[in-house]
1. Which of the peptides 205-211, 368-374 is most tightly packed, and how do the rest follow, judged by the mean count of other Cβ atoms within 10 Å per residue?
2. Straight-line reach only, C-alpha to C-alpha below 27 angstrom: list the lysines that LYS294 could link to, leaving out same-chain residues fewer than 8 apart.
3. Given H placed 1.01 Å from N in the peptide plane, which residues other than close sequence neighbours of VAL368 have an amide H under 5 Å from its amide H?
4. Where a ≥ b ≥ c are the square roots of the eigenvalues of the C-alpha gyration tensor, would you call the stretch 285-347 rounded, which needs a/c under 1.5, or, failing that, prolate if a/b is larger than b/c, or oblate?
5. Using modelled backbone amide H atoms (1.01 Å from N, in-plane), which distant-in-sequence or interchain residues come within less than 5 Å of GLU115's amide H?
6. List, in order, the whole-Hz ³J(HN,Hα) value for each residue of the stretch 168-182 obtained from phi through the Karplus relation with A = 6.51, B = -1.76, C = 1.60 and θ = phi - 60°; use x for Gly and Pro.
7. In terms of modelled amide H atoms, which long-range or inter-chain residues lie less than 5 Å from the amide H of ILE323?
8. Can you work out the Karplus-derived ³J(HN,Hα) for every residue in the stretch 309-321? Use 6.51 cos²θ - 1.76 cosθ + 1.60 with θ = phi - 60°, whole Hz, and x for glycine or proline.
Amino acid sequence: MNVLKKLRLQIVALVVSLITIFLAVMITGVLYWISSSEENKSMRFVEMLVENAGHRPGPAFHPAEDRKDPVLDFGPRDEFPDIRRCDSFIIEVKSDNDFRNYFSVLLSSSGGVLEVINDFPLNMTRDEVFVFVRKVLNVASEAPEVVKGRKKVGHLDGFVYCILENLDGTLLVSVVNRRSELSTILLMTKGAFYVFIVSIFFAFLVSFLLSHIIVMPVAGAFQKQRQFIADASHELKTPIAVIGANLDVLMPEMPDNRWLNYIKSENERMGHLVKNLLYLAKNDADRIETQCSKFDFSSAVTNAILPFESVIFEQQKRLEMDIQPGIEFVGDEHQIKQVAVILVDNAVKNSDENALIRVSAKVEKDRVVFKVYNTGHGIKKEDLKKIFLRFYRSDVSRARKTGGYGLGLPIAQAVAVAHHGTLTADSEFGKWAEFTLVLPLHSSRIHLF
């Protein structure tokens with residue numbers, strides 16, 4: 001995945017995450033406020049029932065002479081012969097006295113039903129009322145005992161109940177049906193959930209389109225940078241080749257001239273650098289010609305490692321190879337060999353005398369796991385991810401000594417990504433370092449440029 005794709009994904013993830021959090025908090029807050037408000041109203045209403053002897057408090061009538069408010073005047077009484085004659089009055093209705101389906105039951109001290117109170121038609125039979133009241137009392141009995149003159153409020157099966165023990169020992173149980181309210185709240189919750197899902201989907205689409213617009217200037221800058229590196233690398237190949245050809249002519253005539261040897265050494269290093277830069281530039285532009293075919297992975301990496309045996313022996317280091325034979329792999333054999341060379345060369349350069357270099361390859365499930373381990377300097381924890389950045393060198397002095405430019409590992413990682421694999425590093429600083437290349441075995445997963 002290139003940098004631009006990562007940047008777009010980060011933009012989309014950020015926008016969608018912020019919108020998700022905002023909508024979740026807002027919708028949850030609104031639903032909680034509505035649910036809590038309705039619950040509090042039901043609580044107040046059921047408490048009002050027991051305070052009013054089980055009845056719904058009705059309108060309060062106040063004589064007109066006791067009030068200074070405007071009086072409702074219904075005109076001369078003779079115009080309404082069928083209406084009971086009364087003086088003018090003021091009607092005062094409390095906001096909590098809404099029309100709710102409820103019932104109240106007055107029980108004797110022995111548990112017998114003395115009276116069933118309801119001001120509206122019940123949606124339950126009297127037997128169902130008695131059964132429900134017994135159920136309420138059983139549930140309430142598990143809580144702390146009711147204190148005389150005190151109320152106990154609770155929830156049960158979509159109802160709100162309030163129990164009041166009077167001073168004479170009788171119990172008044174008032175129950176309010178909240179099922180319609182709960183079903184409405186549930187319906188609102190489902191609707192809010194659907195709105196939430198649709199909003200997130202549209203937020204994803206919009207952020208995805210906007211991310212393309214946002215990264216367009218960055219994409220242009222990257223494209224110019226890649227083109228510059230590719231052009232510069234290509235143009236440098238000719239003078240480097242000319243310098244090398246002239247050196248080949250001059251060195252037989254002046255074999256002991258150290259200045260020519262310095263020029264040749266630096267020219268070869270510059271040639272390797274330009275070659276690596278050109279490879280990375282082509283890889284960024286998806287212009288690498290990958291020749292995918294089935295080959296013997298075990299044999300390929302073994303042949304790539306064998307030339308290092310003499311170098312490792314001369315430096316008094318020890319090489320161990322544990323490569324499972326006959327691993328069949330589909331990919332670019334040349335690029336896989338290149339990764340093996342880069343990792344082993346990196347292990348040789350970053351290990352001291354008497355160090356151990358161990359190379360292993362085996363099949364785990366449907367993957368090929370190739371590891372290069374070495375004792376020695378190791379890598380700092382904060383550098384484990386940075387070492388795959390181009391031109392990054394954790395130890396500049398050692399990189400100059402070994403002639404590294406910091407491009408080997410980025411090239412190896414590019415090859416791993418091209419084969420839909422991963423290249424990771426692990427280390428204990430000052431003791432050891434290990435690089436692990438994991439590649440899928442199935443040919444259908446290989447990316448053809």
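1. Final packing ranking: 368-374, 205-211.
2. Result set, ordered by chain and number: LYS275, LYS282, LYS337, LYS362, LYS365, LYS371.
3. Here the answer is LEU439, LEU441, since their amide H atoms fall under 5 Å of that of VAL368.
4. oblate
5. LEU106
6. Couplings: 7, x, 7, 10, 10, 10, 10, 10, 10, 7, 10, 5, 5, 5, 5 Hz.
7. ALA361
8. Per-residue couplings from phi come out as 4, 5, 5, 5, 5, 5, 8, 6, 10, 10, 10, 10, 10 Hz.
Rule-based calculations on the coordinates, nothing more; no lab input. Please read all numbers here as calculations on a predicted model, not as lab measurements. Counting neighbours? That spans all protein chains shown, and the Cβs are built from the backbone with ideal geometry, glycine included.
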